[in-house]
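Read through the structure below, which is laid out as structure tokens, and then see the notes.
What follows draws every value from the coordinates through simple rules; no lab data is involved. Only a predicted model underlies this, so the values are computations on that prediction, with no experimental measurement involved. Counting neighbours? That spans all protein chains shown, and the Cβs are built from the backbone with ideal geometry, glycine included.
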Amino acid sequence: MESKKVNWPITILLIICSLVILFPLYLTIVTAFKSPDEMSKSLLSLPNKLRWENFTEAIHLTNFFQAFKNSFIVTIFTVVFTLLTNSMVAYAIARNMHRRLFKFLYYYFVSAMFVPFPIIMLPVIKQTSLFGLNNMTGLIFLYIVYGLAFNIFIYVGYIRSIPQSLEEAAYVDGASTWTVFWKVIFPLLSPINATVGILTCLWAWNDFMLPLVILSDRDSMTLPLVQYVFQSQFTTNYNLAFASYLMALSPMVLVYIIAQKWIISGVTKGAVK
Amino acid sequence: MVKQSKVYYWMALPAFLIFFIFHTVPVFQGMMYSFTNYKGYGDFNFVGLKNYINLFQDQRILASYGFTFKFAIVSTILVNIISLAIAMGLNAKIKFRNTLRAVFFVPNILSVLIVGFIFNYLFAFFIPQIAEKLGITSLTQNILGNPDLAWVGIVIVAVWQAVAFNTILYLAGLQTIPTELYEAANLDGAGKWKSFIHITFPLIASFFTINMVLAMKNFLMVFDHIIAMTGGGPGQSTEAISVLIYKGGFSGGEFAYQAANSVIYFILIVVISVLQIKFLQKREVDM
């Protein structure tokens, strides 16, 4: 059977292509561990000895743990509340699509996907400071609200594929709509919750634009924003900068290494829907 | 069931209200401001269509549209070609498939801003150093410092980052094609290229549509890359529309003017997305 044979030319070609991805990451790691002197000799070589001072200095300069904590809190709260609230709204819409109001709500939320954030950026800046939301709470709140457009789209598609017979059985037993949603439907949503959770997590963790325009207080800055704010102080010392970048990137990379298959399938499902 | 229906309102209407206040109201506020001379603070008056008339005569605005479209079109085409090629490679009978797939997906989980910072350094030091050794004089300078070439640097980073997501999507599409189809085509004497044109491409047409529309829309909204790499410079050669809105509206005292710019930008994005979907879906049917 010829077709079972491993296609080595393509395998090798792909390995070479993957170097394009890996090379900048390799460079980030070695640069983070070198001293400026070593850099001037060769950019590419491995460091002679691991310079951990780059990291301690970067932690000190950027107040890394504060920023890490902020990013962590923002991401966790955003993901948890997005899952709990957005799925509930989608459930109400999905089970009432035959009613005009809910049908309208569906199209209302989904059409908001066409409104890019830069369009509403300027009014939102004014609004958040007016409501006292120019802080981490506001950031979490806006992620949950803005997520509705896309999440309703994928949740409704999924919920409508769940047969109603299960719910009807629960209603016959005297359960209320709340109980039915939390006890019967929500557990069934796990696959799509995973998708929404992963996409929301990546968004909240990596987003730069929303923190940039609404966070004003230095103590509440998230990791990407901190890298931006300290950029001007990094230009003289690239090793310090790269130590800082590496620390900012690595939490998500670690999560990815552990849950790689899960993350890829979650992202794929979100896009194919 | 009829008695329960009130609960559904309680589930959906608060979300509607909040979304309306924090998303729809800003859309209308932006439109309202676009007809005023508001600076972002203080009093303002309605000035009719003045902002819109000025927009179309403003070289800086026109240049930002020119740059954004050039960047978005080139990046969309490159990303789709490269990611389709990689996806087909990953779908072949290769070794280490899962590992390679995992590696190609890595850029999608990284912060665009930080990736931009890292590439900044590549363009500033690494590439010039290599170019000097190889004697390629045109690349011995940082391309991000060259007004004619800086956009290429941004395209490279954008493509590097965006290929990950589109590859995974194409791979999902390719995996829906039964291998028997290729075997049958093979028996009929169809070559690789013919199989691609007549089997692969028509069957993944819907994935092609999603990828083209999503990529184009994302690239038209480019922001992080620019802020990380050039800040819009050198000069104003890489000033994307969203960057201009941010800079002019946030700190440049052009709140109302950039609000008008946002309205035009919004209309353009909607029109382009709808046209793309219409055009590409029509082709899906034709094939």
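B:I267 to B:L203: extension gain in nm, 0.36 nm per residue of separation minus the Cα-Cα distance?
Here the segment from B:I267 to B:L203 would lengthen by 19.9 nm.
Take the alpha carbon gyration tensor of chain A, find the square roots of its eigenvalues, order them as a ≥ b ≥ c, and report rounded if a/c is under 1.5; if not, report prolate when a/b exceeds b/c, else oblate.
Since a/c reaches 1.5 but b/c is at least a/b, the shape of chain A is classed as oblate.
Separation of the stretch B:223-287 and the stretch B:126-202 by C-alpha centroid, Å?
24 Å
In whole percent, what relative contact order does the stretch B:29-182 give with Cα contacts below 8 Å and a gap of six or more residues?
27 percent
Between A:F81 and A:I257, what is the label-point separation in nm under the 7 Å Cα-to-beta-carbon projection?
Going from the A:I257 label point to the A:F81 one covers 3.3 nm.
Can you tell me the FRET efficiency between B:L139 and A:W8 if r is taken as the Cβ-Cβ distance and R0 is 35 Å, rounded to the nearest 0.05?
The pair B:L139/A:W8 has a calculated efficiency of 0.60.
Does chain B come out rounded, prolate or oblate, given a ≥ b ≥ c as the square roots of the eigenvalues of its C-alpha gyration tensor, rounded meaning a/c under 1.5 and, failing that, prolate meaning a/b above b/c?
oblate
Out of every Cα pair in the stretch A:20-151, what percent are spaced more than 17 Å from each other?
For the stretch A:20-151, the fraction of Cα-Cα distances above 17 Å is 74 percent.
Name the long-range amide H neighbours of B:T36: under 5 Å, sequence gap of 5 or more, or other chain; modelled H, no Pro or chain starts.
B:V47
If I take every Cα pair under 8 Å that is 6 or more residues apart in the stretch B:98-172, average their sequence separation and divide by the length, what percent do I get for the relative contact order?
Over the stretch B:98-172, the number comes to 39 percent.
For the pair A:S190 and A:I15, what calculated FRET efficiency results from E = 1/(1 + (r/R0)^6), where r is the Cβ-Cβ distance and R0 = 35 Å, to the nearest 0.05?
Efficiency for this residue pair is about 0.50.
What is the stretch B:172-278's relative contact order, in percent, from Cα pairs under 8 angstrom and six or more apart in sequence?
21 percent
For the pair B:N45 and B:K194, what calculated FRET efficiency results from E = 1/(1 + (r/R0)^6), where r is the Cβ-Cβ distance and R0 = 56 Å, to the nearest 0.05?
0.25
Give me P(r) over the stretch A:126-207, computed from all C-alpha to C-alpha distances, binned every 10 Å, as integer percentages.
All Cα pairs, binned at 10 Å, distribute as 15, 35, 27, 18, 6, 0 percent.
What base-10 log of the normalised intensity I(q)/I(0) is obtained for the stretch B:136-193 from the Debye formula, alpha carbons as equal point scatterers, at q = 0.14, 0.21, 0.30 Å⁻¹?
These q points yield log10 I(q)/I(0) values of -0.65, -0.86, -1.09.
What shape does the protein assembly as shown have by the C-alpha gyration tensor, where a ≥ b ≥ c are the square roots of the eigenvalues, rounded means a/c under 1.5, and otherwise prolate means a/b greater than b/c and oblate the rest?
Rounded shape, in that the Cα axes give a/c under 1.5.
Using a cut-off of 19 Å between alpha-carbon atoms, which aspartates and glutamates can reach A:K49, once sequence neighbours fewer than 8 places away in the same chain are excluded?
Once the sequence-local aspartates and glutamates are set aside, what remains near A:K49 is A:D37, A:E38, A:E57.
Got a sec? How would A:R99, A:R51 order by Cβ neighbour count within 10 Å, fewest to most?
Lowest to highest Cβ neighbour count: A:R99, A:R51.
Using Cα centres only, tell me the gap between the stretch A:209-249 and the stretch A:151-186 in whole Å.
About 44 Å separates the Cα centre of the stretch A:209-249 from the one of the stretch A:151-186.
So if a site counts as exposed when it's one of the chymotrypsin sites (Phe, Trp or Tyr not before Pro), its DSSP state isn't H, G, I, E or B, and it has at most 11 other Cβ atoms within 10 Å, what's the longest stretch of chain B without one?
Here the longest segment lacking exposed loop sites spans B:57-287.
In which sequence would A:V145, B:V7, A:V6 go, from the one with the fewest C-beta neighbours within 10 Å to the one with the most?
Ascending number of Cβ neighbours within 10 Å: A:V6, B:V7, A:V145.
May I ask you to sort A:K49, A:K126 by Cβ crowding, counting other Cβ atoms within 10 Å and putting the fewest first?
By the 10 Å Cβ count, ascending, the order reads A:K49, A:K126.
What is the gain in length, in nm to one decimal, between A:Q233 and A:W178 on full extension, counting 0.36 nm per residue of separation less the C-alpha to C-alpha distance?
14.5 nm
Give me the aspartates and glutamates in straight-line cross-link reach of B:K93: C-alpha distance below 20 Å, same-chain residues under 8 apart excluded.
A:E2, B:E180, B:E183
Which entries in A:K126/A:K183; A:K126/B:K217; A:K261/B:K194; A:K69/A:K261 show an alpha-carbon gap greater than 29 Å?
A:K126/A:K183; A:K261/B:K194
If the convex hull of the alpha-carbon atoms of the stretch B:155-287 is projected onto planes in all directions, what is the mean projected area in square nanometres?
10.2 nm²
With each run of n ≥ 4 DSSP H residues scored as -39500 (n - 2.57), what mean residue ellipticity at 222 nm is computed for the protein assembly as shown after dividing by its residue count and rounding to the nearest 500 deg cm²/dmol?
-22000 deg cm²/dmol
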